[in-house]
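Here is the structure we will look at, set down as C-alpha cells.
The values are calculated or read from the model by the stated rules, or taken from the named source; none is laboratory data. Model, not experiment: these values are computed from the prediction. Reconstructed Cβ throughout: ideal geometry from the backbone, glycine too, with neighbour counts over all protein chains shown.
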Amino acid sequence: MNKKIIAGNWKMNPTSQKEAREIYQGIKKNTSILRKTQAIVFPPVIYLSDLTKIGTGKNLILGSQDLFWEESGAYTGEISYAMLKNIGVEYVLIGHSERRAMGDTGEILKAKMQVALKNGFKVIFCIGEKVRDTHGKYLSILEGQLSEVLEKIPPKYISQLVIAYEPVWAIGKDAQGVETPDGFFQNTIFIRKILSKLVNKKRALEIPVLYGGSVNVKNAESFLVEGHADGLLVGRDSLSAKSFSEILKIAEKVK
Ligand code: PGA
C-alpha cells in the first residue's frame, strides 16, 4: 500500500529560525505514530540545515521549495542541487505557481526537473490553471504544463515523481473559489491520461497525484476520500503545527 503524502509548503514563512524550529518540532512530535502517511515539510532553504539537525525520519522528510540546475559557479542568489544533496535533502518542489509567476518558464522547469531526477531527488511537480472555464479549455493548459517538462522523461524516474494539482484560483488567502473533491478527481483522470502518453502507459498510475489549494483541517478528508487524492499539498495550514498535525491524523485514518 502506498502511503498518503501530506506535504507542507511554508513558502516565505516564518520570519525567524526560532519560530521555524517551534513549528517543525510541533509537527515532528506527531509523526512517530504515522504508519500510512508520509509527512514532508518544505521550509525556506535558510532553515533547512538547522531543521535537519532537529531530525527527520521515516515518516517526516524535509524538502526544498526550489533548486538550481548548475552544481556551483557564478549564479548569485541561487541554491544548487549539489548543496541541497550535501545537507541530505531528498525532496524538491518544482513548478509551484508562485515560482512560475516569478519567471520560471517551461524551459527553466525542465532543466530543474532533469537535474533533480538525475540526482536522485523526489520531485513534487506542481501544475494548475490560473482560470477555470466551463468548456474545459483549462485542460489544455494542464496538458501543456505536463508535456513541456515531462516529455521524454525516462520511465526509470517514475518512482521519483509526484504531481500536485493546484488550481491557481483556489490557492491562498485571496483565492477566488474552491475546488471540489469531485472536480479534483475528474482532473486527476485527465492528468493520468496525459501522463500515460508522456511517461509510460502502464506505469502512469504509479505516480501519486496530490491536491493543493486552500487545504485545511475541514476539507482534507473530503479530498482524500471523495477526491481519491494520493495526498495533499498544504500552504497556510502547514504553518500551524496543530493544524498540520491534525491533517496528518486525518490522512492516517483514511482507508
Ligand atoms: P494554500 O497554498 O494552502 O495556502 O492555499 C497552497 C500552495 O500554494 O501550495
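So here's what we get for this one:
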read-out	value
Wholly within the range 67-145, helices (runs of 4 or more DSSP H) carrying at least 3 residues that are of a type outside the set (Asp, Glu) and within 29 Å of GLN186 (Cα to Cα)	97-101, 106-118
Pairs where the first residue, in the range 174-189, is surrounded by 14 or more Cβ atoms within 10 Å (Cβ to Cβ) and the second is at pLDDT 95 or above and in a loop (DSSP other than H, G, I, E, B), C-beta under 6 Å, 6+ apart	ALA175/SER214; GLU179/PRO167; GLU179/GLY213; PRO181/GLU226; PRO181/GLY227; PHE184/GLY227; PHE185/GLY227; PHE185/HIS228
Residues satisfying the stated conditions in the range 222-255, i.e. under 20 Å from ALA175 (Cα atoms) and either touching a His at 6+ places or on another chain (Cβ under 7 Å) or not hydrophobic (A, V, I, L, M, F, W, C) (or both)	SER222, GLY227, GLY235, ARG236, ASP237, SER238, SER240, SER243
Given (1) out of contact with any strand residue (DSSP E or B) (no Cβ under 9 Å at 6 or more places or on another chain); (2) in contact (Cβ under 8 Å) with a residue 40 or more places away in the chain, index of the condition LYS218 fails	(2)
Boolean, ILE79 is more than 16 Å from the ligand (Cβ to nearest atom), under 22 Å from ALA116 (Cα atoms) and β-branched (Val, Ile, Thr)	yes
Members of the range 87-129 that are within 14 Å of the ligand (Cβ to nearest atom), farther than 15 Å from PHE68 by Cβ, surrounded by fewer than 22 Cβ atoms within 10 Å (Cβ to Cβ) and free of Cβ contacts under 8 Å to residues at least 40 places away in the same chain	ARG100, ALA101
Hits in the range 31-58 - residues which are over 28 Å from ALA82 (Cβ atoms) and surrounded by fewer than 20 Cβ atoms within 10 Å (Cβ to Cβ)	SER32, ILE33, ARG35, LYS36
Counted residues, the range 198-222 - those being surrounded by fewer than 24 Cβ atoms within 10 Å (Cβ to Cβ) and either touching a Leu at 6+ places or on another chain (Cβ under 8 Å) or among the aromatic types (Phe, Trp, Tyr) (or both)	4
Condition check for LYS255: within 11 Å of the ligand (Cβ to nearest atom), among the basic types (Lys, Arg) and assigned to a loop (DSSP other than H, G, I, E, B)	no
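Yes/no per residue for (1) within 11 Å of the ligand (Cβ to nearest atom); (2) farther than 23 Å from GLU246 by Cα; (3) touching a Cys at 6+ places or on another chain (Cβ under 9 Å); (4) modelled with pLDDT under 95:
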| position | (1), (2), (3), (4) |
| --- | --- |
| ILE153 | no, yes, no, yes |
| PRO167 | yes, yes, no, no |
| THR180 | no, no, no, no |
| ARG192 | no, yes, no, no |
| ASN200 | no, yes, no, yes |
